1. Report the calculated FRET efficiency for SER113 and LEU229 (r = Cβ-Cβ distance, R0 = 45 Å), to the nearest 0.05.
2. Which of PHE322, PHE72 has the fewest other C-beta atoms within 10 Å, and how do the rest follow up to the most?
3. Can you tell me what the convex hull of the Cα atoms of region 225-367 projects to on average, as an area in nm²?
4. In whole angstrom, how long is each semi-axis of the equivalent ellipsoid of region 31-176, when you take the square root of 5 times every eigenvalue of its Cα gyration tensor and sort them from largest down?
5. Compute the Rg/Rh shape ratio of region 21-83: radius of gyration over Kirkwood radius, all on alpha-carbon atoms.
6. Would you please state which residues of region 95-115 a label at SER86 would reach in this model, taking the label point 7 Å out along Cα→Cβ and a backbone N cut-off of under 15 Å?
7. For region 306-319, take each phi angle, set θ = phi - 60°, evaluate the Karplus expression 6.51 cos²θ - 1.76 cosθ + 1.60, and give the result in whole Hz per residue in order, putting x for glycine and proline.
8. With a sphere of radius 14 Å drawn around the Cβ of PHE239, what net charge do the other residues whose Cβ falls strictly inside it have (Lys, Arg +1; Asp, Glu -1)?
Amino acid sequence: MIRLILLFLILPAIVRAQSLSSDDKLKIQYEAGQFIQEFELLMNTIASPGLSKLERDKLKENSYTESANQIFLDNKVIVEDDIDPSYYQSSNKVKDLSIERYLNDLDLFYSKSNNSTISFSNIKASEVKQGSYIYLEVYFESKFTGKHQTIFENYKPTKRVATIIAKKEGRSWKMLIGSIVFYNAYMHPFVENKGGNKSNPAVINHKTSTTTGPVPSKVSVIKDRTVTLGASLGFGAGFNQAGIGAHSQIYLADYLAANLQYIYFIPKSIDPVTEKRWSIDTDLNYVFETDGATKIPYVLLGLNFLKKSRNVGTRPKETEVFTGINLGAGLEFEAEKNMVYFGEIKYTTGTENHFLIKAGIRFKFTIR
């Protein structure tokens, strides 16, 4: 019976994780269009005179290393140079730079200004492509109104295409840029699609080509796992003891998470009896699809291991161990990028059957 229940919970998650829904694809397209604006902000910030060299160097490093401000896959991401004003289109000469070199050239050779002199416009997302990883291409038009420090030539508007890798982290999508190249009509036919709302700052085209376009050589980010660690407060209704505990979670698939929890219950004394309890739970959460990523409902099924000790006056301590099945439901709130609040209630069957009501907070970490 337990195996059937586990299969019932896990099978829908496996099936749904194998393919993206149309809603997932629409979210990725929209968020990828918005994500390009983070690259625009990064470039304008580097080109601002208000930051020290130390601050600019740290900003550049954080953009391609694991941090809250990471927007590139790693420091080896290839970018076709447009800092040199003589490079402005794919039919012209092209020079490949690593993102580390590209941002350093921007810092060294592009004129600093208190006003934003780099602007992106006409942003369009291709269809979402899925193979061993999920990615799409985003077209944008770039305009530099500043000057190069050593090449006395005006900048021309350029047309660019970024390849963006998307990875599910809980209920959110993490975006990382894998390459940036000049637009090529043959390689990027989705740009000529006439659909989409031209007034939208992040135009999304639904009928696009199936061309693969430039694919980054490294896709290890798709193998990353999001782990959350935190603490919780709970109350065991049945033996009426409050407790404090530790809680960890890792996503196994888009709709399935594994949990390991420990809770220590505050001893209860009614003279001459003192009772102490602690428990360990291993649960699987099946997460439901919602319109927003901030509120995430789930149901859970798992195993409970509970240890109880009892002192009666001067008698030797009595110790008992119980096991049971957990059934429950909960709700998570992704309040900030690296913070999750949660609350849940579950019933544990067995000799020490009880309800556990708890709430807590977890912090996100990424493991590679």
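1. On the way: r = 43 Å, r/R0 = 0.96.
It comes to 0.55.
2. On the way: PHE322 17, PHE72 25.
Arranged by neighbour count, lowest to highest, PHE322, PHE72 become PHE322, PHE72.
3. On the way: hull surface 34.7 nm².
Spelled out: convex hull of the Cα atoms, projected over all directions, averaged, 8.7 nm².
4. Working: eigenvalues 128, 70, 36 Å².
Largest first, region 31-176 gives 25, 19, 13 Å.
5. Reported Rg/Rh (Cα atoms, Kirkwood Rh): 1.05.
6. Backbone N within reach: 95-96.
7. Ordered by residue, 3J(HN,Hα) equals 10, 10, 10, 10, 9, 10, 10, x, 9, 5, x, 5, 9, 10 Hz.
8. Values: positive: LYS268, LYS276, ARG277, LYS307, LYS308, ARG310; negative: GLU275, GLU320, GLU352.
That sum, taken over residues with Cβ under 14 Å, equals +3.
Read the figures in this text as sums done on the coordinates, not as results from a lab. Just so it is clear, the model here is predicted, and its values are computed rather than measured. Positions of Cβ are backbone-derived with ideal geometry, glycine not excepted, and every protein chain shown enters the neighbour counts.
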